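A short write-up of the structure that comes next.
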Amino acid sequence: MVKTLAQTGTSAMAAAMRQINPDVVAAYPITPQTAIVEEFSQMVADGAVKAELVQVESEHSAMSACIGASAAGSRVMTATSSAGLALMWEVLYVAAGCRTPVIMPMVNRALSAPINIHCDHSDSMGARDAGWIQIFSENAQEAYDNLLQAVRIGEHKDVRLPAMVMMDGFITSHAIERFDILDDGEAAKFVGDYEAINPLLDVDNPVTHGPFDLFDYYFEHKRGQAEAMNHVKDVALKVAQEYAAVSGRQYGLFKTYQLKDAEVAVVVLSSTAGTARTVVNKLRAAGVKAGLLVPRLFRPFPALEIAESLSHLKAIAVMDRSDSFSTLGGPLFIETSHALYDLGKNIPTVDYIFGLGGRDTGPDQIEEVYSDLQDIVNTGKVKELVNYIGVRE
C-alpha cells in the first residue's frame, strides 16, 4: 500500500535509504545535506534500519570507508554536498575505478569562493567525468524514486558503478512537499538483496582490490569502465519499467512537456523545470508553441535520444545552473550542442547561465528566454551564444 507523506526532500531521501536498508553508511555532515544523515542516524538508533553507521572525520574519509565496505561485500551508501563532494575528489575516482557501486544522495550547493550555502550545480558538474552515474531530480517525489532505482542501476551486473542522485539544495531539500512512498515490503522486494562480486571477505577465493596499476593494465581497466557506462542507459530504462509496475510512476532518460509540436524549447535540469512548465502553459495559452525538455540522466548523457527529441525545433535555449568557465557555456549546453551536432542538426542553440549561488529565477526571466528564442526564429540571428540571466551587469 502506498503511503503519502508531506515532508522535506531530505526526509524523502532518508525514507528511501531506510527502505534500501544498506549494510554500511559512512558520512560527514555538510549543509544542506546534513538533514539526510541526521534523520537516517535516528532511524539507526531507533532500530528501524540495520545499517552500520560510521561517523568519520571528513568526506574524504567517508568515501574511503564506503569503498572499503563495498569491496568487503556490503551494500553501501553515503550523502554529501558542495565542498564535501570536492573533498571526496580523489576517492570518487577510486570508487568508480574499483567498480564499487556506492550510492550517494547529493544535495546540490554552490562551491566557494565566495562562500555560499545555496543551490547551484557546480558541485556535481565538477564531478561529471569521475566515472559516476548522475541522476537529477526535479522534486522530492523524484528524489525518492530515483534513489531506489539508482541502487538497481549501479549494482546491475553489467554496470557495477557508483551513482549519485541529485536534488536542489534548500529549494527541494528543505521545502515540504507531498510525495508517495512504497510499502516497505514492496520497496525491499524491488531493491532486492545485494550480490557482491569478488568480495574481500570471501576467504575461499582471495582477491586483491585497489592494486598498483601502471601502463600494463591501467588502460584496460579504464576501457572497462567506459563499457560499463555504455550499458547504463539500457539498464536504467529496464529498471524504470519495473519501477513503474510497482509504483505507477514512469521514468525515462529525460522527460518532455508540450515538446512534440513545439517550435522553440528550453532544456533545464532539476527544480527550475517546475517554473519553466508554468511559463510554457502561459505561452501556449497565448498561441506560442513553446516546449520543455528536462534531463534526468546526465551521466551517461543520452545524447542521441535528446537530440532526436529536439530535432524538429526552430530554436533551443539550454539553461545551466553552473558555468564551465571555458567561454563555451555551461556543461548542459556543451553536451546538448554536441548531441545536436552529431545528429547533423543545425538548430540555433543558445545558453543561459542562471541561478548561481541560489539566486531566484522567476517566470518572468524564463519568459525572457522564450522571447529571445522567438526573436532568433524571426531574424535568423543569434545575438549572444552564452548569456547570463538574472545577474547585475
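Every number in this text was worked out from the coordinates using simple rules, so none of it is lab data. These figures come from a predicted structure and were not determined experimentally. Heads up, the Cβs are rebuilt from the backbone with ideal geometry, glycines too, and the neighbour counts pull from every protein chain shown.
Summary of values
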{"item": "For the chain: rounded, prolate or oblate by the Cα gyration tensor [a/c cutoff 1.5]", "result": "prolate"}
{"item": "Most fluctuating residue given options Tyr194, Tyr352, Tyr217, as computed from a GNM of the chain linking Cα atoms under 10 Å", "result": "Tyr217"}
{"item": "Cleavage-rule hits, GluC sites (Glu not before Pro), segment 1-106, DSSP coil, Cβ neighbours within 10 Å at most 10", "result": "Glu57"}
{"item": "In nm, spacing of pseudo-spin labels at Trp89 and Glu384 (7 Å Cα→C-beta vector)", "result": "2.9"}
{"item": "Residue among Val54, Ala26, Pro162 farthest towards the positive dipole end of the chain, charges placed on Cβ", "result": "Pro162"}
{"item": "Gain on full stretching of the segment that runs from Asn281 to Lys50 - 0.36 nm per residue minus C-alpha separation", "result": "78.5 nm"}
{"item": "Ascending count of other beta-carbon atoms within 10 Å, so fewest first, for Ile366, Ile334", "result": "Ile334, Ile366"}
{"item": "Residues Val288, Val246 arranged by fewest to most Cβ contacts within 10 Å", "result": "Val246, Val288"}
{"item": "D_trans [Stokes-Einstein, Kirkwood Rh over alpha-carbon pairs] for segment 254-388, 20 °C, 1.002 mPa s, µm² s⁻¹", "result": "147"}
{"item": "Contour excess over end-to-end distance, with Cα ends at Ala226 and Asp158 and 0.36 nm allotted per residue", "result": "23.3 nm"}
{"item": "Residues Val37, Val56, Val264, sorted so that the one with the fewest Cβ neighbours within 10 Å comes first", "result": "Val56, Val264, Val37"}
{"item": "Mean separation of Cα contacts under 8 Å (6+ apart) over length of the chain, as relative contact order %", "result": "16"}
{"item": "Radius 14 Å from Cβ of Trp89, net charge of other residues (Lys, Arg +1; Asp, Glu -1)", "result": "-3"}
